[in-house]
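No lab work stands behind these numbers, since they all come straight from the coordinates. A quick note: this is a predicted structure, and the numbers were derived from the prediction, not measured. Glycine also receives a Cβ, built like all others from the backbone with ideal geometry; neighbour counts cover every protein chain displayed.
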């Protein structure tokens, strides 16, 4: 970590606090209120939560700012996980006695529709002395400070990595205390990150790897087999998010034709005329033949207007060559690199977060 650069920004942060003490007082009060609220949810209280309690619990999170209709998202979380199981897993994540490495990995494995931003924010609010808040902004900030090995994708944020990065945030907190900043914990570090270290104007550049010459051959990416399912599910869910943000009714793991259950669909109803469906199949491992057959079956549904294969560059090249030999598929099948899916998701997430933070629609709508 570039400590000199960090100290420079801590100095600027202190100066800004001195210039605007009202903001400092307001931020401190907000931090204390958020910590008090989330710490008040003991294990017994969580287990006795009603669904409306759970909505209130989640809707306060900054990670939920990307959603205009928060009830829709919370209802999906409950439906996909089962409410009792969801509460038990949440208790284990927050109040369990295992290491954070184990609790983090188990929660991501067992609970659907929760990502690192949501999980880390809850942990940071409950245990602000131990756990950091991780999101795109944190990535930009730590990258700017010269921290290497940062996770670009959700599947890379394992419990071990989260523990490691919380340690980095602890070092930032220590430097802030050394420089005379008062009332510092890892939630304070998050405020500092937002106020001082947002140096990347376009957050979608997180995924940019630089332009490659067109003559460079496709290199097959090696996805860790242990995380293949998680990568698949992350991309599947992000495709669903993108569809919702674009105004479609989007869902995952849907049957669209006999013998064809697809990863993600975008659906739209046209007046009283019927509906149109776009189908997405994510390929991180497994047989290309199976993917081709599944897409052909999906096209048997007359409402399906387009099918899209989503994978890495090397696998998309294989799928394209295979599909060209299949009648009625080659011309209809589209291809989307999963890294591009990540970029689009990040860009739309940023737009929705910004618009929803204006509070144009009442929270209970």
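Give the percent of DSSP beta bridges with both residues in the chain that are antiparallel, rounded to the nearest 5.
Beta bridges within the chain, antiparallel portion: roughly 55 percent.
Please give the helix 21-39 orientation as an angle from the longest Cα principal axis of the chain, in degrees from 0 to 90, rounded to the nearest 10.
60
From the Cα gyration tensor of the stretch 225-348, with a ≥ b ≥ c the square roots of its eigenvalues, which class applies: rounded if a/c is under 1.5, or else prolate if a/b is larger than b/c, or else oblate?
In terms of gyration-tensor shape, oblate.
Hey, of (i) 22.3, 70; (ii) 19.8, 59; (iii) 20.6, 60, which did the structure itself give for Rg and Dmax of the Cα atoms in Å when calculated?
Read-out taken from this structure: (i).
Report the gain in length on full extension from residue 163 to residue 36: 0.36 nm times residue separation, minus Cα-Cα distance, nm rounded to one decimal.
Extra length available between residue 163 and residue 36 comes to 43.4 nm.
Could you check the simple spin-label distance between residue 249 and residue 273, using points 7 Å along Cα→Cβ, in nm with one decimal?
The modelled label-to-label distance comes out at 1.7 nm.
Taking Cα atoms, how many degrees apart are the long axis of helix 70-81 and the longest axis of the chain, rounded to 10 and kept between 0 and 90?
The answer is roughly 70 degrees.
Mind checking the angle between helix 186-196 and the chain's longest principal axis? C-alpha axes, 0 to 90 degrees, to the nearest 10.
The two axes meet at around 80 degrees.
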